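Let me begin by presenting the structure, written as structure tokens, before commenting on it.
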Amino acid sequence: MNAQPITEVAESRPLPSDSASVSRAVTPALELCGLSKTFTLGGGLFKRGRTLGAVSNVSLRIPRGQVMGLVGESGCGKSTLAKMLLGLTTPSDGDVLVDGRPVRGADQKALARHIQPIFQDPYSSLNPRKRIAQIVGLPLRVHGIGTPREQAAHVAETLDVVGLPRRAAEQFPGQLSGGQRQRVAIARALVMRPDIVICDEPTSALDVSVQAQILNLLLDLKAEFGLTYLFISHDLAVVEHLVDRVAVMYLGRIVEEGTREQIFGSPRHPYTRALLDSALTPEPGLGVPDIGLGDATPDPSDPPAGCAFHPRCPKAQATCRQQRPRLEDIRGDNARVACHLA
Amino acid sequence: MPLLEVNNLRVDLPVEAGTLHAVRGIDFHVERGEMLCLVGESGCGKSMTSLALMGLLPRKARLTADRLQFDGIDLTMLSERRRSDLRGARMSMIFQEPMTALNPAYTLGNQLCEGLIRHRGVSRQEARERAIYLLERVGISAAKDRLNQYPHQLSGGLRQRVMIAMALMCEPDLIIADEPTTALDVTIQAQILRLLRELQQEFGTAVIFITHDLGVVARIADRVAVMYAGEVIESAPTPALYANPAHPYTRGLLSCIPAPGKTPPGSRLQAIPGVVPSLVGHVEGCAFRNRCPQAQPTCERTPPLMSLSGDHRARCHYADRPVPAPRPPETIS
Amino acid sequence: MTTSSVSPTASSASTPGTGLGEISLQPPAWSRVTRRLFGHRGLAIGLIVVGLAILIAIFAPLLAPHDPYHQDIANRMVPPVWHDEGSWEHVLGTDKLGRDTLSRLLFGTRISLTIGLVVALISGVIGTTLGVLAGYFGGRVDAVISYIITTRLAMPVVLVALALASLTGGSLTTVILLLGLLLWDRFAVVSRSVTQQVRDAEYVFAARTLGCSLPYILLREVLPNIAGSLIVVMTLEMAHAILLEATLSFLGMGVQPPLPSWGLMVAEGKAYMFFQPWVIAIPGIALFVLVLAINLLGDGLRDLNAPGGRN
């Protein structure tokens with residue numbers, strides 16, 4: 001795999017040569033190389049607007065059959081990242097590699113066979129004017145897979161897989177509950193048997209009692225079809241339960257990345273630590289912890305100089321204000337962190 | 001005497017398919033200075049309950065109650081005018097989405113002071129001083145300048161802090177907070193909750209905190225009332241509820257969220273099967289029985305509110321006794 | 001905010017055994033539709049009157065007692081039947097050329113409804129196309145189309161139509177084309193803003209991810225979800241077009257005699273309005289009732305289409 005088209009990215013070539021060769025032996029299902037997206041704000045017909053770096057230089061490798069969690073607060077760029085992976089927006093810079101092959105320039109249909117989404121809101125993700133069978137069968141029709149009869153059979157089979165009764169096929173989304181709708185969305189994502197599923201907050205619009213059903217289903221499907229997930233969520237308990245590795249994003253950049261044990265057991269970035277502290281587990285008597293962050297939420301179109309987190313960081317020092325820390329594997333344990341103090 | 005006493009509160013809403021029994025005869029009380037959490041999933045009636053208490057129900061809704069008493073005042077008998085006075089001066093509300101609760105056309109100063117001037121008849125200058133004091137107390141810097149700002153100039157977290165300050169302006173006895181942190185990021189949520197809890201204890205204000213998040217409840221509540229399908233199915237002091245949940249629904253809720261350190265990662269979670277029943281039309285028997293892992297033929301009858309130890313109550317036939325062993329299937333049919 | 005938070009989830013209360021896979025059966029579709037339509041008084045009135053007008057237009061030759069073009073000079077200006085000198089021969093009287101007013105009124109329904117429908121269709125296609133493109137693409141496309149919409153809004157419809165009609169000469173076809181090319185602004189404005197909401201719905205993202213073609217997304221994913229709003233605009237524009245046709249015909253720049261346009265009937269009767277007021281009152285009332293009914297229909301449809309009316 002010498003032809004691997006990773007361009008040298010100044011800031012975040014994380015892996016020292018020995019561990020890099022180890023992980024090169026197995027091509028990751030999904031690899032992001034220096035992916036960036038900048039938006040132009042406030043531009044009009046004749047004038048140019050300001051630029052906003054929604055995602056800056058994100059590099060990630062997700063091995064086949066694993067779950068990569070992506071956590072961060074609203075506006076940190078995780079949804080923009082998901083849209084780039086799905087081909088909904090073109091990256092300003094960087095590459096997405098599926099099975100080691102860059103998808104830039106590949107057409108949307110080819111991409112769709114490998115990567116499918118599950119969106120957050122099961123009320124907005126299903127067209128209210130279509131029947132469930134049409135919604136789940138749409139991917140097959142668009143891609144011209146099978147005869148109409150085969151498509152119907154495949155749709156019915158997929159409804160079985162996600163635990164929906166077959167007569168749901170003739171219903172409209174408005175006749176289903178939130179949990180059932182999310183099962184329909186999952187069925188639509190799986191009907192073409194993709195390798196990779198981008199789950200963008202798939203349970204945050206659901207009630208807790210239904211959330212558990214959907215999480216169980218996602219775990220079952222992963223085992224059954226050998227799926228690779230990018231699991232985007234703000235619910236850290238859910239992320240900890242589901243993922244193999246976690247990446248933490250802040251203001252468009254990954255600030256820490258490692259295995260579940262590394263991130264949840266010994267977080268090294270102060271932002272990761274604050275996130276973990278502010279997750280309220282149902283343990284009475286502990287009270288609400290003081291996480292020591294100001295709520296000076298930064299403006300993504302005008303990110304602070306140096307470390308983007310320094311205005312809220314309780315430990316910020318002079319270096320943090322001037323120099324942006326690099327995302328590096330400092331200890332050589334395949335975990336990366338971007339903090340001067342780590 | 002408790003600050004707020006609610007007995008057999010019902011809220012009915014006419015809908016196209018019949019009558020929606022949004023709240024089906026709930027009982028609870030709030031003591032002065034305590035934080036009561038109403039917890040439940042969407043459609044359980046918790047928001048309708050809060051609107052009923054505030055007198056903000058939609059016009060077509062019908063409210064009945066055996067007793068709805070706030071500090072000795074019968075709320076069901078009040079005129080709209082007296083109700084509105086009470087609402088501003090002694091009860092106030094914090095909404096989920098501060099952007100829609102704040103009027104974008106007025107400055108923060110205007111909105112903060114308005115209630116105090118109207119209900120307490122204080123001068124504008126006094127009102128401004130209290131507004132600045134409270135803004136500082138909720139952790140907003142440069143409070144004086146903020147008074148001239150408009151809501152859109154603040155971030156979501158700051159807006160919710162302003163809402164808290166506004167709720168405290170008239171020194172109310174009761175604040176009803178309806179999912180005030182659901183729209184916020186986790187780090188901001190923790191800060192707002194901490195602030196709300198501190199101020200509540202300092203000012204001795206009673207708070208009814210409405211949420212769906214059992215994690216939040218555990219950390220801030222003095223007492224909890226769990227709602228399901230328009231009923232309070234269990235109420236208890238917070239430690240007792242988490243230590244010995246008596247209703248199968250409460251147990252189900254607690255076991256279906258992954259608990260770090262206890263639930264093995266990647267293991268199957270204990271989901272509650274099925275969906276919440278519709279509350280349109282007459283509901284007979286225990287509303288949870290179709291999802292309950294230990295439902296019995298007895299559950300066709302409406303369960304009474306069983307009193308367990310102390311202040312711990314649950315609406316389940318088997319709250320205080322073991323569930324009978326399952327009989328062989330042939331005798332059931 | 002309040003009602004939606006308690007809106008029931010799908011399963012129904014009367015089936016306690018509702019399990020995971022159970023899906024509620026809704027009441028029979030037809031009874032729901034009729035209950036929704038006739039539960040709204042204005043909508044019901046509008047539906048009945050417009051429905052009657054359509055039937056009259058279709059069966060005008062069977063219903064009309066006389067040929068609407070037949071001139072009977074001996075029987076000029078016969079008053080309606082309720083007048084002392086009226087007769088059952090001409091229930092609504094005759095005009096200055098002795099033509100039967102009732103027959104002309106019945107045939108006039110055809111002209112008004114044709115104009116309303118065809119104008120609404122032409123302007124609907126133009127306006128919706130522009131609005132959907134502007135709303136879906138945003139950015140420069142939106143800026144250009146919004147500029148076109150603003151330009152159109154700055155033109156006074158009646159004056160422009162009069163000027164153009166005087167150049168081309170009035171006729172039924174010219175009136176339809178002129179109004180069709182002028183009345184698309186409301187379609188464009190409404191479809192643009194509704195499309196902007198639908199564009200960011202996740203089901204549109206889902207279709208884009210699959211590689212669906214642009215026409216597919218616009219016609220199959222977006223259009224069905226904005227159709228409700230467009231139908232409302234359509235009724236309003238129908239009423240608008242009918243009134244404008246009457247105005248143009250009244251001013252002599254619209255439908256030309258001897259066609260029985262209601263506006264023309266009013267114009268022809270204006271010399272007699274002080275002594276034989278029924279000559280203009282009868283077509284005037286017909287116009288008023290039809291336009292009112294179409295507006296009631298539109299208002300009713302809008303109420304049904306509002307999010308609160310859905311559950």
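The values are calculated or read from the model by the stated rules, or taken from the named source; none is laboratory data. Small disclaimer: the values here were computed from a predicted structure and weren't measured. When we count neighbours, we look across all protein chains shown, and the Cβ atoms used for this are built from the backbone with ideal geometry, even at glycine. Remember, those area values only see protein heavy atoms, side chains included, never the ligands or the DNA or RNA. Shrake-Rupley method; radii C 1.70, N 1.55, O 1.52, S 1.80 Å.
Could you go through region B:199-206 and let me know if any residue there is assigned to a helix (DSSP H, G or I), open to solvent by less than 10 Å² (accessible area, probe 1.4 Å) and within 14 Å of chain A (Cβ to nearest Cβ).
For region B:199-206, residues assigned to a helix (DSSP H, G or I), open to solvent by less than 10 Å² (accessible area, probe 1.4 Å) and within 14 Å of chain A (Cβ to nearest Cβ): present.
Conditions (1) crowded, with 20+ Cβ neighbours inside 10 Å; (2) in contact with a Ser or Thr (Cβ under 8 Å, 6 or more places away or on another chain); (3) not hydroxyl-bearing (Ser, Thr, Tyr), marked per residue:
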| site | (1), (2), (3) |
| --- | --- |
| A:Leu126 | yes, no, yes |
| A:Gly174 | no, no, yes |
| A:Met192 | no, no, yes |
| A:Asp200 | yes, yes, yes |
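What number of residues within region C:78-106 satisfy the criterion of being open to solvent by less than 30 Å² (accessible area, probe 1.4 Å), outside any strand (DSSP E or B) and within 21 Å of C:Ala267 (Cα to Cα)?
13
Looking at A:Gln66, A:Gln116, which is the one that is polar (S, T, N, Q) and within 19 Å of A:Val238 (Cα to Cα)?
A:Gln66
Filter region B:164-193 down to the residues that are over 17 Å from the mean Cα position of the chain (by Cα) and not in a loop (DSSP other than H, G, I, E, B) and list them by number.
Correct list: B:Ala165, B:Met166, B:Leu168, B:Val186, B:Thr187, B:Ile188, B:Ala190, B:Gln191.
Quick check on my filter: what residues within region B:228-287 are aromatic (Phe, Trp, Tyr) and farther than 18 Å from A:Leu280 by Cβ?
B:Tyr228, B:Tyr249
Taking region C:131-170 on its own, how many of its residues are closer than 30 Å to C:Phe205 by Cα, open to solvent by less than 40 Å² (accessible area, probe 1.4 Å) and assigned to a helix (DSSP H, G or I)?
Total meeting the criteria: 10.
Considering only residues that are away from chain B (no Cβ under 11 Å), in contact with a helix residue (DSSP H, G or I) (Cβ under 6 Å, 6 or more places away or on another chain) and in a strand (DSSP E or B), which ones fall in region A:250-300?
A:Val255, A:Glu256
Any residue in region C:77-93 that is under 11 Å from C:Trp278 (Cβ atoms) sitting within a Cβ distance under 6 Å of a residue that is among the hydroxyl-bearing types (Ser, Thr, Tyr)? List the pairs, counting only those 6 or more apart or interchain.
Qualifying pairs under 6 Å: C:Val78/C:Thr94; C:Leu92/C:Thr101; C:Gly93/C:Thr101.
Just to be sure, is C:Arg76 at pLDDT 80 or above, basic (Lys, Arg) and more than 27 Å from the chain's Cα centre (by Cα)?
Yes: the conditions hold for C:Arg76.
Among the residues of region B:244-269, write down those that are more than 8 Å from chain A (Cβ to nearest Cβ) and either at pLDDT 90 or above or buried (at least 16 other Cβ atoms within 10 Å of the Cβ) (or both).
B:Asn244, B:Pro245, B:Ala246, B:His247, B:Pro248, B:Tyr249, B:Thr250, B:Arg251, B:Ser255
Take the conditions in the same structural domain as B:Thr19 (by TED's automatic domain parsing) and touching a residue at least 24 places away in the same chain (Cβ under 8 Å) and apply them to B:Pro303. Does it pass?
Here the answer is no, as B:Pro303 does not meet what is asked.
A:Ser74 passes all but one of (1) away from chain C (no Cβ under 14 Å); (2) within 29 Å of A:Leu35 (Cα to Cα); (3) over 16 Å from the mean Cα position of the chain (by Cα); (4) at pLDDT below 90; which number fails?
A:Ser74 satisfies every listed condition except (3).
State yes or no: is B:Arg289 within 17 Å of B:Ala229 (Cα to Cα), touching a residue at least 12 places away in the same chain (Cβ under 8 Å) and more than 14 Å from chain A (Cβ to nearest Cβ)?
It is false that B:Arg289 is within 17 Å of B:Ala229 (Cα to Cα), touching a residue at least 12 places away in the same chain (Cβ under 8 Å) and more than 14 Å from chain A (Cβ to nearest Cβ).
Answer yes or no as to whether B:Val217 is in the same structural domain as B:Pro303 (by TED's automatic domain parsing) and either assigned to a loop (DSSP other than H, G, I, E, B) or of a type outside the set (Val, Ile, Thr) (or both).
When the stated conditions are applied, B:Val217 does not pass them.
Do we have A:Arg141 as surrounded by fewer than 16 Cβ atoms within 10 Å (Cβ to Cβ), in a helix (DSSP H, G or I) and away from every other protein chain (no Cβ under 11 Å) here?
Considered against the rule, which asks whether it is surrounded by fewer than 16 Cβ atoms within 10 Å (Cβ to Cβ), in a helix (DSSP H, G or I) and away from every other protein chain (no Cβ under 11 Å), A:Arg141 comes out as no.
Out of all the residues in region A:163-177, which are part of a helix (DSSP H, G or I) and either more than 7 Å from chain C (Cβ to nearest Cβ) or farther than 25 Å from A:Glu201 by Cβ (or both)?
A:Arg166, A:Arg167, A:Ala169, A:Glu170, A:Pro173, A:Gly174
Being closer than 19 Å to B:Pro277 by Cβ and free of Cβ contacts under 8 Å to residues at least 40 places away in the same chain is the filter here; which residues of region A:169-178 pass it?
The answer is A:Gln175, A:Ser177.
Here is a list of conditions, (1) within 14 Å of another protein chain (Cβ to nearest Cβ); (2) modelled with pLDDT under 90; (3) over 23 Å from C:Trp184 (Cβ atoms), and C:Ala227 meets all of them except one; can you say which number that is?
(3)
Evaluate the following for A:Ser204: is it among the hydroxyl-bearing types (Ser, Thr, Tyr) and either more than 12 Å from chain B (Cβ to nearest Cβ) or open to solvent by less than 20 Å² (accessible area, probe 1.4 Å) (or both)?
no
From the list A:Ala316, A:Ala342, A:Ala305, A:Ala335, which residue is away from chain B (no Cβ under 12 Å) and under 23 Å from A:Val96 (Cα atoms)?
Only one candidate qualifies: A:Ala335.
Can you name every residue in region A:78-90 that is touching a Pro at 6+ places or on another chain (Cβ under 8 Å) and assigned to a loop (DSSP other than H, G, I, E, B)?
A:Leu86
Which residues, counting only those in region B:14-31, are surrounded by fewer than 18 Cβ atoms within 10 Å (Cβ to Cβ) and of a type in the set (D, E, K, R)?
B:Glu16, B:Glu31
Here is a check on your reading of the model: is B:Ile272 open to solvent by less than 10 Å² (accessible area, probe 1.4 Å) and in a strand (DSSP E or B)?
In short, no.
For region B:32-116, which fully contained strands (runs of 3 or more DSSP E) count at least 2 residues that are more than 14 Å from chain A (Cβ to nearest Cβ) and open to solvent by 20 Å² or more (accessible area, probe 1.4 Å)?
Correct list: B:62-64, B:67-70.
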